[in-house]
């Protein structure tokens, strides 16, 4: 699973891939410390909302890709044949 781009500050992360969720264990969120089964692309435990808040508070550092959206395959409906 490869990360895509970090959303703009105030934007939402797209973490639809099941690899962001661990059904068997939780770990402390790297940002708030509360247990979470969620994780970022490199496996850092983090709530999605905590990651989105971190991006909003750290827009310059967020460009380095600590938290990023999933790469979404292009839909066939996105093709413009005009």
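No value in this document is a laboratory result; all are computed from the given coordinates. In this text, all values refer to a predicted model and were calculated from it rather than measured experimentally. For neighbour counting, all protein chains shown are included, and Cβ atoms are generated from backbone atoms with ideal geometry for every residue, glycine included.
For the chain, the Stokes-Einstein estimate of translational diffusion at 4 °C and a viscosity of 1.567 mPa s comes to 96 µm²/s, using the Kirkwood hydrodynamic radius over alpha-carbon pairs. Only DSSP H runs of four or more residues enter the estimate; each adds -39500 (n - 2.57), and after division by the residues of the chain the mean residue ellipticity at 222 nm equals -4500 deg cm²/dmol. With the convex hull drawn over the C-alpha atoms of region 18-61, the volume per residue is 68 Å³. In terms of other Cβ atoms within 10 Å, 63, 16 run from fewest to most in the order 16, 63.
Taking every alpha-carbon pair under 8 Å whose residues sit at least 6 apart, the chain reaches a relative contact order of 40 percent.
As a proxy for reagent exposure, ranking 21, 67 by other Cβ atoms within 10 Å from fewest up yields 21, 67.
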